[in-house]
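To start, the structure under review is shown below, and the notes come after it.
The values are calculated or read from the model by the stated rules, or taken from the named source; none is laboratory data. Predicted model, so just to flag it, every value in this text is computed and none were measured. Cβ coordinates were reconstructed from backbone atoms using ideal geometry, including for glycine residues, and neighbour counts include every protein chain displayed. The area values use the complete protein model at the heavy-atom level, side chains included, leaving out ligands, DNA and RNA. Shrake-Rupley method; radii C 1.70, N 1.55, O 1.52, S 1.80 Å.
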Amino acid sequence: MPIMMPTPVKTDKAPAAIGPYSQAIAIDTLLFVSGTIPIDPLTGIILEGNIEDHAHQVFRNLSAVAEAAGTCLDRAVKVTIFLTDIAQFQRVNTVYAQYFSEPYPARSAVQVAALPLGAAIEAEAIIAL
């Protein structure tokens, strides 16, 4: 069986990487989407607003990368959410349910001390191609 090479996925419909990493890597039947924060891809800055606004932008960014790879959030198998305030967990769940449906992907949500550019939320995903 031939060895599949990792293939980077890039789209201008999601924020550009802010470091030495790819927006996502596709290999075999999986897409590994890097963590994305609530950066508006048009302005390159973090969106104004509350945690719900930020969560919507994060999931739109994840969706844009998935679509660039020819897949969608409905095929997500694992999502990890990072929050700087775990008290926002339920508010983020409400937004999350608008982007993912049953059977829901496996998921983790953790509180972290800080996120890049002062973001309040970041999410990454593993999605079937």
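When the Kirkwood radius is taken over all Cα pairs of the stretch 32-86, what Stokes-Einstein diffusion coefficient follows at 4 °C and 1.567 mPa s, in µm²/s?
Numbers: Rh = 12.0 Å.
Rounded to a whole number, D works out at 108 µm²/s.
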Expected sort for 6-14, 29-37 on mean C-beta neighbours within 10 Å, highest first, is 29-37, 6-14
For the stretch 51-129, whose charge dipole is built from +1 on Lys and Arg Cβ atoms and -1 on Asp and Glu Cβ atoms, the candidate among Ile86, Val110, Val58 with its Cα farthest towards the positive end is Val110
Over all Cα pairs of the chain, the Kirkwood radius sets Rh, and Rg/Rh then becomes 0.96
With all protein chains present, the chain has a carbon and sulfur share of its accessible area (1.4 Å probe) in percent of 59 percent
The relative contact order of the stretch 1-128, taking Cα pairs under 8 Å that sit 6 or more residues apart, comes to a percentage of 31 percent
GluC sites (Glu not before Pro) in the stretch 31-73 lying in a DSSP loop, each with at most 13 other Cβ atoms within 10 Å of its Cβ, come to Glu48
